[in-house]
1. A:THR178 passes all but one of (1) of a type in the set (Val, Ile, Thr); (2) open to solvent by less than 50 Å² (accessible area, probe 1.4 Å); (3) away from chain B (no Cβ under 14 Å); which number fails?
2. What are the residues in region A:176-190 that are in a loop (DSSP other than H, G, I, E, B) and under 22 Å from the mean Cα position of the chain (by Cα), if any?
3. Going by what's in this entry, would A:ILE131 be described as open to solvent by less than 10 Å² (accessible area, probe 1.4 Å), at pLDDT 90 or above, not in a helix (DSSP H, G or I) and not acidic (Asp, Glu)?
4. Among the residues of region B:547-606, which ones are within 14 Å of chain A (Cβ to nearest Cβ) and more than 25 Å from B:LEU286 (Cα to Cα)?
5. Please go through region B:313-327 and pick out each residue that is open to solvent by less than 10 Å² (accessible area, probe 1.4 Å) and either among the hydroxyl-bearing types (Ser, Thr, Tyr) or over 10 Å from B:ARG42 (Cα atoms) (or both).
6. Can you name every one of the helices (runs of 4 or more DSSP H) wholly within region A:201-293 that holds 2 or more residues which are among the hydrophobic types (A, V, I, L, M, F, W, C) and over 30 Å from the mean Cα position of the chain (by Cα)?
7. Looking only at region A:65-76, which residues are open to solvent by less than 20 Å² (accessible area, probe 1.4 Å) and at pLDDT below 90?
Amino acid sequence: MSALLQQPGYEEERLQTVSKKLPCREVQAGMLLSLMGQPHQYSYPSIFIYGHQSSGKSHVLNVLLKELELPHATVSFVECVSVALLFEQVLLSFFGCDAASLLPRSPSLSDFVRIYRQQSSQSPAKQTRYIVIEKAELLRDSDANLLPALLRLQELVEDNVTVILLSEIVWDRFRPNTGCFEPLLLHFPDYSKGELQHILAQDRNPSYSDEFYSAYINILLGVFYSVCRDLRELRHLAALNFSKFCEPLAEGKVKETDTHKLWRNIEPHLKKAMQTVYLREVSSLQWEQMQQMEEKENGAVRGLSAHTHVELPYYSKFLLIAAYLASFNPARTDKRFFVKHHGKIKKTNFLKKNEKTSNHLLGPKPFPLDRLLAIFYSVVDSRVAPTASIFSQISSLVTLQLLTQVSHGDQIDAPKYKCAVSMDFICAISRTVNFEIIKYLYDFL
Amino acid sequence: MSTSSVSKGCFVFKPSAKKKKTLSLEDHFIHGCEGADESKTRFNLCQDLWDQIKTDTELLQDELNTKILDSLLDFTRKCSSTRQQSDWASHMRASEIPTAALVLGVNVPDHDMTFQSLSELLRQSVTPHVASVQAKECGALKHLIKRVLESTLCDWYTMNTKKSYSLTPGKKRSSPVKDDLQQPPIVIIFKDLEAFNARVLQDFILICSRYIERLPLMFIFGIATSPSTIQHMLPHSVSSLLCIELFQSLSCTQHLATVIDKLILTTHFPFKLNGKVMQVLISIFLYHDFSVRNFIKGVQLALLEHFHSQPLSVLCCRKKEALLNVMQLGHQDLERIRQLPSFKRYVEKQEPQEQEHLLTDDTHLKEVCRRLIKDLRKYHKHYYPTLRCLHTLTSSLPRYPLGKQIRELHLICLEKNVWENEEYQSAMKLLKMMAKDELISLLKKCAEILQHSKSKNMKSALLLLEAMLAKFKQLDTVVAEPPPPAEESITSPVKNLQKKMDLFQLQKALLEMNESRRSKKLSPFEVLRNEALQFIDSLVQSHLSPPESQTLYEVCYYSSSATVRRHLNAAPRTSIQAALNSPFYYLQNDRLKSEDGSVSNAAPDICIVYKLHLECGRLINLFDWLEAFATVVSAAEGNDPDSDSFGKVDDVKHARFIRAVSELEFLGFIKSTKQKTDHVARITWGGC
């Protein structure tokens, strides 16, 4: 398995430990090493690594850089609420505190480059310096000049520095309109089932044998592999369910080698885990508690999405109903539903072609405040004065995210809204106020 | 407090060399009052009463919240303890951020108090590091991090670290921690999860999860709607970083029920609300906001208004004080008492000689007042226990003829004589069919309620009731045989009557009932049951009469529902329209008075323009409008209608017109349109 990493300029032992720590990622690590070259050689200015979540990108780089003791700065861009943090972090890890403190308040890119050059002229790089930026997709939301500058930072600062960007998104989605220096692309493919098995089996429980644990992992993967390939999640699930797996063993019913019986015991349990704890319907702590008391009573804990009932004030309910009607009925049908002597309107002739498709398939449409109120007044059964609290209820429905404001916030004279609740939800609401919403929906006519 | 007091208060001060004194609350209160002499005592009474109500409600709130807060505290403790385990499983599993999803209901204004007591409790018993953040302060990730760091880490920073200094938020948090194991968790409370920007929240959670292994972080999400919002806001990749546990708080209607129980249905506070005011407050709660805090604010407003507008409210206090205050009433106040409708009614019932005494002799009146006040207190002492008894009996009846909640029954009783109500009759009928066990358990509950009361009448009622319960018990022991099956045959057809049936069936059922009744003599249980219900009925009739029937009820009852409604449930549109239609209503200038509802031509420009625009259709020609305006204004200036300049548009009138029109546009009555040149469009309906 251990196709040895080889690269002149590094100690053999260290390369050995590195390859031990990077199971199933030897190819990628070897590729990276050869790109990096020998420590004193200039490396390629920028490398872009992409691959799905937990496919080992950060891990490989961290292990390589740490084990081989290369000068590096690792920054997760999600933390960089301003670019200043990025610059600071880089200067700090290359040149120490004093350099970082040279940065002015809210520094620009050129400040950073200036200070970097100044510092690197004092202590020029003997080895390639590496800047690793995790979550690089967020760079796109940052200043427009940051990404192109980082890609050719080597030229800008005239130092032996390489920027490595890590992302879950392909490079094509990064490329700025104005064009930029193309980094080297390196893809980290997902782990295959066999690889996952290999990696997961490594962290076995010390009190059980290797074979036993790897049989367990095999069963676990059999259930979860189709829905989840995230190593972190799988490891978590393995840890959560292992005690249940060992239960028959502790009771002395089964031997370690009797995989079939163990499988029979654990499989329904794992299936249940897939529906609950994997989706975070039930928290891991609760899951563990459930395991302990499962013999006594089953399924006492309800998942998060089981609680959908929302209590609302009386008029808020009607406002929400009115909003739903306004969102899902074409405006021209209002007359038919809310005016007493509307005459007969045939469905087929009455509507334009595009309105014939179900409005529920098209999703909610925006409507102006006036229409909402007009429908509200005709829907609610008593006379309601247009008081301030009616209006404030609309805005509180917006903050509760039951309505969404479509128009821009500072357009105060004619705000537009969309109804953001589901059909089931609104049916439940209208049942509590004895309102038959189906009768008022154009789609169900 | 009404605004009139403010304005009047300002005018009282003459410009003097002295420094301008800022008005205290008390001055504000006193200046608008009628009968300014005792207004000070009234103010103090009001203040005392409010303070008491406030502390009581706060206590109540804390009590109601204790359960959920306790479980939350347990959760935080548990989380901080589990992270210190170091066995294989806890090492292997991904470290998630413990998160409590606290579902609080849509009454957002009430949440503040809950969060406040929560963070106080957390500070006291779990951890000093508590940060609560609100969505409106955290538009961007930067601000959120800043808020959290500010409120949690300032003290910690000074406490734990003066050694390490670095600027990144992550490093700041990570460096000082490792040495001590018994670390209190850092709790971050998101007060209104729904209002947060989902992106900001996701990024924040991502950052936090990077440090969770080094830092004991913990979240509390305040959720107003339902827990599934978490799943709407956070993708799986983020929510998998959290270990979410759900906590459901008390529903706001239950909360209101307890508040009403402890605050309104008690003799503890002399101040009362009459039926209409109660109705307004409750309907604001049910229809508009579900907010208990606003309900209490409403009570506060009523309290203030009562003491401010009713001079006789000096008597609205504890018994001893009230009796003292009666003796100190001046002649003017006694005249006011004589003017009270309830007192007039009382006088009419007296002998002619006594009548004269009451109307002329001040000292005699004072004596009578003392007695009447005592009577009023007695009335309350009897009213509430009886109300509760009636409620326990009727609240479990099918279809709730007298309401499910005690507040509904209370409202009925406040309005009129409850026993004349049809619903009351039907409830009594249903009670007459009740089975033995049920009835006995209900009567036992009633007895328990009566036990708490200290008044003589209630005690004697309790004795009677207990005697009756004893008799019921005797039935059990003496007549060992089970209750006759015939009883069921009587009750069942009556129950059937509640269902829908056609006339023929009904007739048949009624006939059957009659027969079975005739054929059967009343069993001893039935006799006793009727007796018990008669007793309850008499109790109700003697104690549950509405407060309006009591003499001097005006002293304690606040009755101006219109004021409360106007203040709490403002109608901006209506008041704008009122102002434009009849400016006299707000400006109080005699020249603006007009009888037939038309606007006098001396009214402010905007009123004239508004009035004229009502006469137009959907599109208004600006030039015609201007001409009409100029004519009206010229008439107001007293120009001779026959002169040449009458109705002519000069620069000043033009400017005034334009200003008025743009004011109307600002108020949202018209808008510019491109349909026709020189026209504007009306946005409102009606008028012509």
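1. A:THR178 satisfies every listed condition except (2).
2. Within region A:176-190, A:PHE188, A:PRO189, A:ASP190 meet the criteria.
3. Working: open to solvent by less than 10 Å² (accessible area, probe 1.4 Å): yes; at pLDDT 90 or above: yes; not in a helix (DSSP H, G or I): yes; not acidic (Asp, Glu): yes.
Spelling it out, A:ILE131 is indeed open to solvent by less than 10 Å² (accessible area, probe 1.4 Å), at pLDDT 90 or above, not in a helix (DSSP H, G or I) and not acidic (Asp, Glu).
4. Within region B:547-606, B:ILE576, B:GLN577, B:ALA578 qualify.
5. Residues satisfying the conditions are B:SER313, B:ALA322, B:VAL326.
6. A:210-224, A:231-250, A:259-275
7. Scanning region A:65-76 gives A:LEU68, A:LEU70.
Yes/no matrix, rows are residues, columns are (1) out of contact with any Phe, Trp or Tyr (no Cβ under 8 Å at 6 or more places or on another chain); (2) part of a helix (DSSP H, G or I):
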{"site": "B:CYS607", "(1), (2)": "yes, yes"}
{"site": "B:LYS611", "(1), (2)": "yes, yes"}
{"site": "B:GLY617", "(1), (2)": "yes, no"}
{"site": "B:PHE623", "(1), (2)": "yes, yes"}
{"site": "B:SER634", "(1), (2)": "no, yes"}
{"site": "B:PHE646", "(1), (2)": "yes, no"}
{"site": "B:VAL652", "(1), (2)": "yes, yes"}
{"site": "B:ALA681", "(1), (2)": "yes, no"}
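The values are calculated or read from the model by the stated rules, or taken from the named source; none is laboratory data. Nothing here was measured: the structure is a model prediction, and the numbers come from that model. So basically every Cβ, Gly included, is an ideal-geometry build from the backbone, and we count neighbours across all protein chains shown. When the accessible area is computed, the model is the full protein with side chains, heavy atoms only, and any ligands, DNA or RNA have been set aside. Shrake-Rupley method; radii C 1.70, N 1.55, O 1.52, S 1.80 Å.
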